[in-house]
Amino acid sequence: MRTPLVMGNWKLNGTKGSVRALIKDFETTAQAAKNVQVAVFPPTIFIDQVAVLVEKTCIEWGAQDISTNVSGAYTGETSPMMVKEFGAKYSLVGHSERRQYHNETDQIVAAKFVTIQKHGLVPVLCIGETLEQREKNETTQVVESQLKAVVELAGIKALGNCVIAYEPVWAIGTGKVATSEQAQEVHAHIRLWLSKQDKSVADKVQILYGGSVKASSAKELFEQEDIDGGLVGGAALIAEEFIGIINGAK
Ligand code: PGA
């Protein structure tokens, strides 16, 4: 059985004070939910603080983005080695906001995926279609091509050591959550696509749903056979909501 996993992507939000308060507020719930893995993705500037705050807890954390370069003249970038040194377990890769605002192509995403794994971190590979693509019935085609780019560069076995987050772009930050049926349909398709290449990878990989997950929608989503948890944005910044979402995964 796959362990349920709840991840909070804080994006570009927070202060030293709010980070401290937020972790303190959901820490007890995370510790008590023994069968649920919990992780957060703070802005890079708060990584050191978060690493210290979660040190004696079961809460894990990751980077929101890393560079494909390990060191050198790359102003503003964060190296996978640096976040690893602070104790990161994960790094997001291919988030739709990176694809959209930073022009990250499938090829760049694949290169970052390889770099993340090479430095001992677990990639959380985000994929998903836009509203226009969904309306044109292109959802499965889009997620397949996003996965294919990574498989072509990293090999199918590499996907056995990652987390996949299916995040329909039209549901991110819009309050429009996919129905549990809509999400399950795509999750099942992703798992089927993977199993055609390697059944053990398909059985093992945690596939999370992301896009306006709230405490009120989490349980029903996570009850679906192929949904192994959630990647949560806005609701991960509100302790009460995040607590409800962790409890929905139990
Ligand atoms: P949201 O963001 O929960 O605010 O829709 C999810 C994400 O972008 O990972």
* Within segment 47-105, how many residues turn out to be assigned to a loop (DSSP other than H, G, I, E, B) and of a type in the set (Ser, Thr, Tyr)? -> 9
* Structure fact -> So, first residue exposed (fewer than 12 other Cβ atoms within 10 Å of the Cβ) in segment 32-49, second residue modelled with pLDDT under 95, Cβ within less than 7 Å, six or more apart or across chains; the pairs are 35/250
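Out of all the residues in segment 11-26, which are in a helix (DSSP H, G or I) and among the basic types (Lys, Arg)? Even if it seems obvious, please write down each step before you answer.
Within segment 11-26, the first condition is being in a helix (DSSP H, G or I), and the residues that meet it are 16-26.
The answer is 16, 20, 24.
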* Asked: Does residue 65 satisfy the condition of being away from the ligand (no atom under 16 Å from the Cβ) and among the charged types (D, E, K, R)?
  -> no
* Asked: Restricting attention to segment 83-102, and to residues there that are more than 16 Å from the ligand (Cβ to nearest atom) and closer than 22 Å to residue 164 by Cβ, which single residue is most open to solvent (accessible area, probe 1.4 Å)?
  -> 84
* **Count - residues of segment 25-80 that are under 18 Å from residue 244 (Cα atoms) and among the hydroxyl-bearing types (Ser, Thr, Tyr)** => 2
* Selection within segment 207-244 - more than 11 Å from the ligand (Cβ to nearest atom) and basic (Lys, Arg) -> 219
* Structure fact -> In the set 169, 122, the lone residue that is open to solvent by 20 Å² or more (accessible area, probe 1.4 Å) and more than 16 Å from the ligand (Cβ to nearest atom) is 122
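Tell me whether segment 67-82 contains one or more residues that are among the charged types (D, E, K, R), surrounded by 14 or more Cβ atoms within 10 Å (Cβ to Cβ) and in contact with a His (Cβ under 9 Å, 6 or more places away or on another chain).
No, the conditions are met nowhere in segment 67-82.
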* On the given criteria, is residue 183 within 16 Å of the ligand (Cβ to nearest atom), assigned to a helix (DSSP H, G or I) and buried (at least 20 other Cβ atoms within 10 Å of the Cβ)? -> yes
* Please specify each residue of segment 195-220 satisfying the condition of being open to solvent by less than 40 Å² (accessible area, probe 1.4 Å) and part of a loop (DSSP other than H, G, I, E, B). => 198, 205, 211, 212, 213
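The values are calculated or read from the model by the stated rules, or taken from the named source; none is laboratory data. Because the structure is a prediction, the values reported are computed rather than measured. All Cβ positions, even for glycine, are placed from backbone atoms using ideal geometry, and neighbour counts span all protein chains on display. What goes into the accessible areas is simple: the full protein's heavy atoms, side chains included, and nothing from ligands, DNA or RNA. Shrake-Rupley method; radii C 1.70, N 1.55, O 1.52, S 1.80 Å.
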